[in-house]
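Novice: Quick one: the structure is below, and I'll ask about it shortly.
The values are calculated or read from the model by the stated rules, or taken from the named source; none is laboratory data. None of these values were measured; they are calculated from a predicted model. When we count neighbours, we look across all protein chains shown, and the Cβ atoms used for this are built from the backbone with ideal geometry, even at glycine.
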Amino acid sequence: MESRVLSGTTNISTSLIHLKRPTTRETTVSFLPKPIRNVSDGGNLIWGRQLSPNLLLNEKSPLFVKREISLPPVFATAEGSDSGGEVGFAEKYPALVTGFFFFMWYFLNVIFNILNKKIYNYFPYPYFVSVVHLGVGVVYCLASWTVGLPKRAPIDSNILKLLIPVAVCHALGHVTSNISFSAVAVSFTHTIKALEPFFNAGASQFILGQPIPFTLWLSLAPVVLGVSMASLTELSFNWTGFISAMISNISFTYRSLYSKKAMTDMDSTNLYAYISIIALIVCIPPALIVEGPQLMKFGFSDAIAKVGLNKFLLDLFWVGMFYHLYNQLATNTLERVAPLTHAVGNVLKRVFVIGFSILIFGNKISLQTGIGTSIAIAGVAAYSYIKAQLEEEKRKAKPA
């Protein structure tokens with residue numbers, strides 16, 4: 001939903017929404033006038049999570065207005081329609097729609113990982129490929145804004161300051177992930193990245209000062225054990241791939257921490273677009289410095305000689321499109337579901353990617369690597385389930 005920025009002073013003229021009075025049951029609804037930051041001195045405020053509900057829900061507040069109206073039993077029809085209006089497909093079959101979102105998220109993610117690895121087989125330049133991923137996504141976002149799908153949300157210097165740390169961590173995590181993908185098997189990189197919950201728990205405990213329950217720490221033990229087992233016997237193991245994946249875990253952990261400080265009411269599509277633009281600007285200089293001379297000397301010419309110019313350009317374009325679409329669709333999908341479904345979805349995604357990468361590339365894995373990977377994934381599933389349950393308990397306890 002697009003953010004609405006409203007301004008006001010101490011002399012506020014409230015406007016109420018008048019709805020057609022149906023003849024069904026009576027329901028009491030409180031309508032609120034347009035909010036402002038300070039009642040005393042005026043100011044600007046973004047409608048949404050930043051707005052304190054105490055100011056508006058307190059009956060003693062001068063901003064509180066109560067009005068009784070009649071609403072139909074189902075208040076889900078389009079504006080201006082009668083209570084007997086038809087229900088849309090998404091409202092009638094929400095499970096099917098959500099299932100389709102999950103399918104497309106997994107499908108795009110698997111295609112991205114496969115195409116990405118195939119590019120590295122003949123063009124091993126992860127810094128440049130990372131720039132391409134973000135660059136194609138940014139062009140897509142700019143084109144979408146141009147046609148108004150979605151309408152671009154406004155941004156100011158305050159929001160920009162909040163988003164820059166998020167985007168820097170996103171850029172670093174993305175580049176190091178690609179370095180790992182180019183150095184080792186896709187399945188091994190995703191196995192190492194299964195440790196991300198461990199880093200998140202550590203950051204919450206020791207940086208944010210939020211105590212982590214013992215049961216949550218205990219669920220992470222099989223994750224660490226499984227990754228260790230898989231790493232010891234992974235046939236494609238090398239230190240570049242391993243360390244890069246670990247740095248990616250740390251980067252994405254800090255991205256999560258900064259994201260909590262950068263809570264705005266901007267919709268997820270616009271938010272991800274701005275983060276992608278900033279991350280692209282961050283990624284370009286390292287790519288030019290680290291890989292620029294090699295690319296100009298023989299990198300591009302070697303790739304074109306191996307696969308041809310048309311295939312090379314098409315591969316770069318489509319890998320960028322799949323990267324942006326799967327990330328955007330993942331954000332939109334996870335907004336539709338409860339925390340527990342979110343957790344299960346993330347675990348299943350990693351299982352899909354690991355399984356399909358082994359099938360497509362025919363990577364040989366030892367028995368110990370397979371067992372270790374399974375233990376690690378099971379640990380992530382247990383951690384995600386326990387964490388989701390704890391978050392649900394906190395959410396239910398808040399109103400009380």
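Novice: Could you please let me know if residue 342 is closer than 28 Å to residue 388 by Cα, modelled with pLDDT of 90 or more and not hydrophobic (A, V, I, L, M, F, W, C)? Before the answer, list the steps.
Specialist: Working: closer than 28 Å to residue 388 by Cα: yes; modelled with pLDDT of 90 or more: no; not hydrophobic (A, V, I, L, M, F, W, C): yes.
So residue 342 does not fit the description; no.
Novice: State whether the residues of region 133-149 include one that is touching a His at 6+ places or on another chain (Cβ under 8 Å), of a type in the set (Gly, Ala, Ser) and at pLDDT 75 or above.
Specialist: Looking through region 133-149, at least one residue is touching a His at 6+ places or on another chain (Cβ under 8 Å), of a type in the set (Gly, Ala, Ser) and at pLDDT 75 or above.
Novice: Hey, another quick one. In contact (Cβ under 8 Å) with a residue 40 or more places away in the chain, surrounded by fewer than 24 Cβ atoms within 10 Å (Cβ to Cβ), outside any helix (DSSP H, G or I) and in contact with a strand residue (DSSP E or B) (Cβ under 9 Å, 6 or more places away or on another chain): is that true of residue 150 in this structure?
Specialist: Spelling it out, it is not the case that residue 150 is in contact (Cβ under 8 Å) with a residue 40 or more places away in the chain, surrounded by fewer than 24 Cβ atoms within 10 Å (Cβ to Cβ), outside any helix (DSSP H, G or I) and in contact with a strand residue (DSSP E or B) (Cβ under 9 Å, 6 or more places away or on another chain).
Novice: For region 285-337: of the residues being closer than 30 Å to residue 91 by Cα and among the hydroxyl-bearing types (Ser, Thr, Tyr), which is surrounded by the most Cβ atoms within 10 Å (Cβ to Cβ)?
Specialist: Filtering region 285-337 for residues that are closer than 30 Å to residue 91 by Cα and among the hydroxyl-bearing types (Ser, Thr, Tyr), the one surrounded by the most Cβ atoms within 10 Å (Cβ to Cβ) comes out as 323.
Novice: Quick one: in region 192-221, which of the residues that are at pLDDT 85 or above and β-branched (Val, Ile, Thr) is surrounded by the most Cβ atoms within 10 Å (Cβ to Cβ)?
Specialist: Top of the filtered list is 192.
Table: residues versus (1) in contact with a helix residue (DSSP H, G or I) (Cβ under 7 Å, 6 or more places away or on another chain); (2) within 18 Å of residue 246 (Cα to Cα); (3) not assigned by TED's automatic domain parsing to the domain that holds residue 313.
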| position | (1), (2), (3) |
| --- | --- |
| 138 | yes, no, no |
| 155 | yes, no, no |
| 158 | no, no, no |
| 182 | yes, yes, no |
